[in-house]
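The values are calculated or read from the model by the stated rules, or taken from the named source; none is laboratory data. This is a predicted model, so every value here is computed, not measured. Cβ coordinates were reconstructed from backbone atoms using ideal geometry, including for glycine residues, and neighbour counts include every protein chain displayed. Quick note on the areas: whole protein, heavy atoms, side chains included, nothing else; ligands and nucleic acids left out. Shrake-Rupley method; radii C 1.70, N 1.55, O 1.52, S 1.80 Å.
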Amino acid sequence: MTGPVISVRDLTVRFGASVAVDSATFSVGKGESFGLVGESGSGKTTVLRVLAGLIRDWTGAASVAGHDLKRQRPRSLARMAQLVFQDPYASLHPLHTVDRVLGEVAAIHRLDNPNERIEAVLLAVGLGPEFRFRFPHQLSGGQRQRVAVARALILEPTILLLDEPTSALDVSVQAEILNLLRRLRAERGLTLLLVTHNLAVVANLCERLAVMRRGRIVETMDAERLRRAEPEQAYTRQLILASRGYDRANAAEIAFETEVG
Amino acid sequence: MTDALLTIEDLHVRFDLPTRQVHAVRGVSFSMGREKLGIVGESGSGKSLTGRAIIGQVAKPGVVTATRLEFDGIDLRTLDKAARRKLTGRRIGMIMQDPKFSLNPVMTVGKQIAEAYRVHSNASAAEAKKRTLDMLAAVRIREPERVWGLYPHEVSGGMGQRIMIAMMLIPEPDLLIADEPTSALDVTVQTQVLAIIDDLVSQRGMGLIFISHDLNLVASFCDRVLVMYGGRIVETCRASELDRAQHPYTRGLLAALPRIDAPPGDLPVLRRDPAWMGEP
Ligand SMILES: Nc1ncnc2c1ncn2[C@@H]1O[C@H](COP(=O)(O)OP(=O)(O)OP(=O)(O)O)[C@@H](O)[C@H]1O
Ligand SMILES: Nc1ncnc2c1ncn2[C@@H]1O[C@H](COP(=O)(O)OP(=O)(O)OP(=O)(O)O)[C@@H](O)[C@H]1O
Ligand SMILES: [Mg+2]
Ligand SMILES: [Mg+2]
């Protein structure tokens, strides 16, 4: 396949009267890692949910691995493209152990050697065998997030849609997950679409990124420009500035720009 | 410290699981005033459980013990359930790490905030609604009226966090425990929401325990930082001096941070030394 692995053109999603995504256009090439950043509530998760087939009611054009999402999704696509949810609770059944969560995924997709795969994937996300038979409420926030990543990885997808995969993680586990994703890209040519509010994570892992605000993509840029702090849009500049840490004086400035912007 | 708001001595949290015992918090002691106290440390180091132990919300079969657990002169260990619930609703608030898990899925978010407020005040329904909408606007929720009528699954991750923050700020607590309160917020909204909390500390004298894995944020936002590892506090320092922390564990965490201006490449990960577990 030569075209982009993920292609989105003029995507618009409405919930009732409100527009969550407003004519978004971007594409991600094979093996590329693309970041989606921006304001809270600007439609990032909604874009991922459309690509994962969880939202049906939208306009525009979108395709994943060459499959037009307006048509019937082949079963193979479900395995090839995996979504890791922002909220680990949404993907983990509260009454199922880690083993059962992963075991059921393996069974649905008829994976061979499920036992070995479960053990290996847990190790890959930094969870030892002692966590395998725990329930979600017996895990810390970061441990639950790692189970959610493991659940996607066990299917060995070629496309990963990640929604804030490291926001609940401490920086050391975050480093492990980022290194793991980098390794999987090198080994398997994995294509990544990564939603995050952490610009440093984007700078570390992605080649390009799009910045969203109020449903729109306000800027698409190379990560290199992000690293040099040379965005085109004022909003992106604010994001970069605020990334440097908390500064009470900044808050007033941002508030002001939000009123005028 | 003479005007301590909260004093904890030798706090332990244990779980007796069928197969083994998990000793999650192992002798935590600290004292704080009306300041911004950060708690950092790796996943599973006992940060959330320390917060939950303070508000008396460690789930069964968890067992909490301490030689001292005192809030503003009140011994939290001896309070009965009702008194404790009253205290924690009104004077101590905790923003939980998983906002959507803490919200009732079948009630609109506006109603939930307003009802939580009315439990602890004599406000009328109309007053509670007004206060709720004002607070949603204060935490930078666009279109508060629309969001009032949404169910938890209809709000974005960052909106859920801000809804929890609004809910906890309305009663104007004396102590706020915020567990990763802004991890789902973009950085500009994060700055604005933290400014509200910051002002409550500096103007109203609220005490804040700020649990976060975002070391840069903690260093720039808090006054003091506790570093936890394996259920213990391994280092305490001024937040502004976090980058000069001494403990090899803290240094390892700092090294693992990605940087916005650094080229892509593997990040150093922590190599844990078993000796860290045994240290005081
Ligand atoms: N099922 C739904 N019903 C109604 N509105 C919804 C629904 N899902 C999302 N929305 C709205 O769509 C908008 C975009 O939400 P989305 O979750 O995509 O934001 P986001 O960019 O992922 O934000 P965050 O960074 O806070 O997670 C929000 O205003 C949200 O309230
Ligand atoms: N109900 C429980 N039963 C057994 N173990 C538990 C239970 N709740 C928490 N634990 C364990 O206690 C340890 C500390 O948990 P805690 O939630 O305090 O971690 P944390 O420091 O907040 O981590 P994170 O940054 O990932 O949220 C973890 O190893 C966790 O697995
Ligand atoms: Mg989202
Ligand atoms: Mg926690």
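Summary of computed values
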| quantity | calculated |
| --- | --- |
| Per-residue SASA entry for B:Val106, accessible area with 1.4 Å probe, Å² rounded to 10 | 120 Å² |
| With Cα atoms, 0 to 90° folded angle of helix B:109-119 axis to chain B main axis | 90 degrees |
| Spin-label pair B:Arg272/A:Arg56, simplified geometry with 7 Å Cα→Cβ offset, distance in nm | 4.6 nm |
| Area accessible to solvent at B:Tyr151, 1.4 Å probe radius, in Å² | 90 Å² |
| Computed helical MRE - 222 nm, chain A, DSSP H runs ≥ 4 contributing -39500 (n - 2.57), nearest 500 | -11500 deg cm²/dmol |
| Principal axis dimensions, largest first and in whole angstrom, of the range B:92-170 by Cα | 31, 28, 23 |
| Counting DSSP beta bridges with both ends in the protein assembly as shown, the antiparallel % (nearest 5) | 55 percent |
| Cα-Cα separations in chain A greater than 29 Å, expressed as whole percent | 33 percent |
| Occluded residues from the range A:176-218, i.e. those whose accessible area drops by 50 Å² or more once the chain is not alone (1.4 Å probe) | A:Asn179, A:His197, A:Ala200, A:Asn204 |
| Drop in accessible area of at least 20 Å² in the complex versus isolated chain, residues of the range B:127-143, 1.4 Å probe | B:Arg140, B:Arg142 |
| Scattering profile of the range B:113-155 at q = 0.15, 0.30, 0.34 Å⁻¹ [log10 I(q)/I(0), Debye over alpha-carbon scatterers] | -0.36, -1.07, -1.16 |
| Segments B:76-87, B:200-211 sorted - mean Cβ within 10 Å per residue, highest first | B:200-211, B:76-87 |
| Å² per residue, accessible surface of the protein assembly as shown at 1.4 Å | 42 Å² |
| Mean separation of Cα contacts under 8 Å (6+ apart) over length of chain B, as relative contact order % | 23 percent |
| Computed accessible area, A:Phe15, all protein chains, 1.4 angstrom probe, square angstrom | 110 Å² |
| Percent accessible area from carbon and sulfur atoms, the protein assembly as shown, protein chains only, probe 1.4 Å | 50 percent |
| Interface area, B with A, accessible, probe 1.4 Å, both sides summed, Å² nearest 100 | 4400 Å² |
| Largest to smallest accessible area among B:Ile165, B:Ile233 [probe 1.4 Å] | B:Ile233, B:Ile165 |
| Along principal axes, Cα extents of the protein assembly as shown, largest first, whole Å | 69, 53, 44 |
| Mean ellipticity per residue at 222 nm, deg cm²/dmol - from DSSP H runs of n ≥ 4 across chain B, formula -39500 (n - 2.57) | -10500 deg cm²/dmol |
| Among A:Met212, A:Ala148, A:Thr25 - extreme Cα towards positive end, dipole of the range A:6-228, charges at beta-carbon | A:Thr25 |
| Point-charge dipole on Cβ atoms (K/R +1, D/E -1) for the range B:154-280, about Cα centre, debye to 20 | 340 debye |
| Among beta bridges that DSSP assigns inside chain B, antiparallel share in %, nearest 5 | 60 percent |
| Along each principal axis, Cα extent of the range B:4-117, largest first, Å | 40, 38, 29 |
| Unit charges on C-beta of K, R, D, E only; dipole of the protein assembly as shown, Debye | 1240 debye |
| 10 Å Cβ neighbours from other chains, averaged over peptide B:244-257 | 2 |
| With Cα atoms, 0 to 90° folded angle of helix B:125-138 axis to chain B main axis | 50 degrees |
| Cβ-based charge dipole, chain B, positive-most Cα from B:Gly33, B:Thr108, B:Met164 | B:Thr108 |
| Fraction of beta bridges assigned by DSSP in chain A that are antiparallel (%, nearest 5) | 55 percent |
| Number of partner chain Cβ atoms within 10 Å, mean per residue of A:125-132 | 1 |
| Between the range A:83-132 and the range B:181-213, the alpha-carbon center distance in angstrom | 34 Å |
